[in-house]
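> Dropping a structure here in structure tokens format, bear with me for questions.
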Amino acid sequence: MRVGYIGLGNMGKPMASNLAPAGFETTVFDLVPEAVEAVVATGARAASSPLEVAKACEVLCLCVPADQHVRAVLLGEAGSSGALDGLASGSVVVIHSTIRAETIDEMHAAAAARGCSVVDAAVTGGEHGARARELVVLAGGESADVERVRPVLEASSKLVIHAGSRGSGANLKLAVNLFGYLHYAAVREAFALVEVAGIDSQHLIDATRANGQLSDAEMVFVPQAARPQTESVPAEAEALMRTHLATAEKDLAHALELARKHGLALPTAAVVSQGMARVYRIDDPRRR
């Protein structure tokens with residue numbers, strides 16, 4: 001199977017790096033040459049544009065940051081051709097980005113006009129999960145399309161969940177991320193409480209690990225949450241944390257938008273969405 005991959009960031013690079021070793025003829029593109037070189041070293045071929053990637057594949061995977069980037073890659077911008085212009089009829093576009101279900105539908109309509117289809121395949125498990133091929137893929141779309149691309153999805157995952165019709169994977173990812181962000185907020189405040197109470201934070205870790213309240217995934221966040229209240233994020237880490245903050249605020253905004261669409265109140269999510277800068281310890285007066 002010929003697979004194209006566009007977007008070789010923290011998640012996209014390790015996911016794309018699993019494809020050629022799994023036997024897929026792989027073509028990749030990213031704006032960062034070093035990322036492309038890293039994936040080429042695994043056996044992939046480099047392309048000079050999204051359009052060139054599309055012409056070389058029958059399954060096109062995208063892992064770019066947000067809705068506007070998905071649109072730009074697939075539809076083109078500033079008079080340039082998008083990837084959809086290069087796809088052969090019958091091809092499948094796999095969107096790994098965490099975006100709105102409405103954007104998925106918009107891209108499917110554009111793809112269908114060219115005889116192609118879209119599967120939304122959001123992923124959870126982080127960069128480590130991608131490298132270890134232990135991601136969980138949350139897929140939405142027609143059963144035939146999901147089954148066709150399943151071998152590609154399984155190259156980086158331990159579980160592929162077909163959540164339902166197109167857009168279901170994207171919406172399930174919002175719920176999964178909501179679960180995580182609310183937990184991070186709870187972890188952050190619990191460590192702040194034991195600090196002001198004069199209790200060794202290790203005791204909180206021991207108690208919540210023994211009870212099953214503090215998961216392995218949350219343990220990754222503990223060093224950040226347990227940092228003394230008077231300390232801010234080190235300068236060398238702030239850029240990364242601001243990236244996490246932007247992603248969290250985007251995902252929570254999408255979750256609240258989806259809830260409003262269905263007449264559902266998510267009051268805790270609304271509060272946490274306004275306090276993610278505090279959760280990530282970002283010194284930003286506009287968000288505090």
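The values are calculated or read from the model by the stated rules, or taken from the named source; none is laboratory data. Just so it is clear, the structure is predicted and the values come from calculations on it, not from any experiment. Note that we place each Cβ from the backbone using ideal geometry, even for glycine, and neighbour counts take in every protein chain shown.
> Any idea which of (1) in contact (Cβ under 8 Å) with a residue 60 or more places away in the chain; (2) touching an Asp or Glu at 6+ places or on another chain (Cβ under 7 Å) is the one Ala175 doesn't satisfy?
Unmet condition: (2).
> Is it the case that some residue within the range 44-53 is surrounded by fewer than 21 Cβ atoms within 10 Å (Cβ to Cβ) and either touching a Ser or Thr at 6+ places or on another chain (Cβ under 7 Å) or under 13 Å from Gly7 (Cβ atoms) (or both)? Quick ask: steps written out before the conclusion?
Of all residues in the range 44-53, those surrounded by fewer than 21 Cβ atoms within 10 Å (Cβ to Cβ) come to 45-46, 48-49, 51-52.
Next, from what is left, pick out any that are either touching a Ser or Thr at 6+ places or on another chain (Cβ under 7 Å) or under 13 Å from Gly7 (Cβ atoms) (or both): 45, 51.
Scanning the range 44-53, I find at least one residue that is surrounded by fewer than 21 Cβ atoms within 10 Å (Cβ to Cβ) and either touching a Ser or Thr at 6+ places or on another chain (Cβ under 7 Å) or under 13 Å from Gly7 (Cβ atoms) (or both), so the answer is yes.
> Okay, moving on. I need a count of the residues in the range 1-10 that are surrounded by fewer than 24 Cβ atoms within 10 Å (Cβ to Cβ) and aliphatic (A, V, I, L, M). Explain how you work it out, then say what you get.
Kept after step one, since they are surrounded by fewer than 24 Cβ atoms within 10 Å (Cβ to Cβ), are these residues of the range 1-10: 1-2, 9-10.
Subset that is aliphatic (A, V, I, L, M): 1.
Total satisfying the criteria: 1.
> Scan the range 194-214 residue by residue and report those that are surrounded by 10 or more Cβ atoms within 10 Å (Cβ to Cβ) and without any contact (Cβ under 8 Å) to a residue 24 or more places away in the chain. Walk me through how you get there before you give the answer.
To start, the set of residues in the range 194-214 that are surrounded by 10 or more Cβ atoms within 10 Å (Cβ to Cβ) comprises 194-195, 199-209, 213-214.
Across the range 194-214, the qualifying residues are Val194, Ile199, Asp200, Gln202, His203, Leu204, Ile205, Asp206, Ala207, Thr208, Arg209, Gln213.
> Given the conditions (1) in contact with a helix residue (DSSP H, G or I) (Cβ under 6 Å, 6 or more places away or on another chain); (2) among the aliphatic types (A, V, I, L, M); (3) farther than 19 Å from Gly12 by Cβ, which single one is not true for Ile99?
With respect to (1) in contact with a helix residue (DSSP H, G or I) (Cβ under 6 Å, 6 or more places away or on another chain); (2) among the aliphatic types (A, V, I, L, M); (3) farther than 19 Å from Gly12 by Cβ, Ile99 is out only on (3).
> Output the residues belonging to the range 66-99 that are over 22 Å from the mean Cα position of the chain (by Cα), modelled with pLDDT under 95 and polar (S, T, N, Q).
Passing the criteria: Ser80, Ser81.
> For the range 20-61, name all the residues that are in contact (Cβ under 8 Å) with a residue 24 or more places away in the chain, in a loop (DSSP other than H, G, I, E, B) and either over 21 Å from Leu84 (Cβ atoms) or among the aromatic types (Phe, Trp, Tyr) (or both).
Passing the criteria: Phe24, Val32, Thr42, Ala44.
> Separate question: When the range 154-205 is examined, which residues are found to be closer than 30 Å to Pro228 by Cβ, more than 18 Å from the chain's Cα centre (by Cα) and of a type in the set (Ser, Thr, Tyr)?
Ser201
> Tally the residues that are under 19 Å from Ser81 (Cβ atoms) and not in a loop (DSSP other than H, G, I, E, B), restricting the search to the range 1-19.
Taking the range 1-19 first, the residues under 19 Å from Ser81 (Cβ atoms) are 4-7.
Checking which are not in a loop (DSSP other than H, G, I, E, B) leaves us with 4-6.
Looking only at that region, the number is 3.
> Inspect all residues belonging to the range 148-161 and state whether any of them is closer than 29 Å to Ala83 by Cα, surrounded by 16 or more Cβ atoms within 10 Å (Cβ to Cβ) and not assigned by TED's automatic domain parsing to the domain that holds Leu19.
No - not one qualifying residue is present in the range 148-161.
> Right, something else. Find the residue count for the range 54-85, including only residues that are over 14 Å from Met1 (Cβ atoms) and either surrounded by fewer than 21 Cβ atoms within 10 Å (Cβ to Cβ) or among the basic types (Lys, Arg) (or both). Give the steps one after another, and end with the answer.
Within the range 54-85, the first condition is being over 14 Å from Met1 (Cβ atoms), and the residues that meet it are 54-55, 62-85.
Then keep just the ones that are either surrounded by fewer than 21 Cβ atoms within 10 Å (Cβ to Cβ) or among the basic types (Lys, Arg) (or both); that gives 55, 65-69, 71-72, 75-82, 85.
Total satisfying the criteria: 17.
> Also, I was wondering about something else. Taking the options Glu25, Glu102, name whichever one is over 18 Å from the mean Cα position of the chain (by Cα) and acidic (Asp, Glu). Can you show your working first?
Numbers: Glu102 fails: over 18 Å from the mean Cα position of the chain (by Cα).
One residue alone meets the criteria, Glu25.
> Something else about it: Let me confirm something: among Ala255, Ala265, Ala246, which residue is at pLDDT below 95 and not assigned by TED's automatic domain parsing to the domain that holds Ala101? Walk me through how you get there before you give the answer.
Details: Ala255 fails: at pLDDT below 95; Ala265 fails: at pLDDT below 95.
Result: Ala246 is the single residue among Ala255, Ala265, Ala246 that is at pLDDT below 95 and not assigned by TED's automatic domain parsing to the domain that holds Ala101.
> Then there's this: Among strands (runs of 3 or more DSSP E) lying entirely in the range 104-193, which contain 1 or more residues that are at pLDDT 95 or above and either among the aromatic types (Phe, Trp, Tyr) or farther than 23 Å from Val73 by Cβ (or both)? I'd like the intermediate steps shown before the answer.
Values: elements: 117-124, 135-140, 157-164.
Answer list for the range 104-193: 135-140, 157-164.
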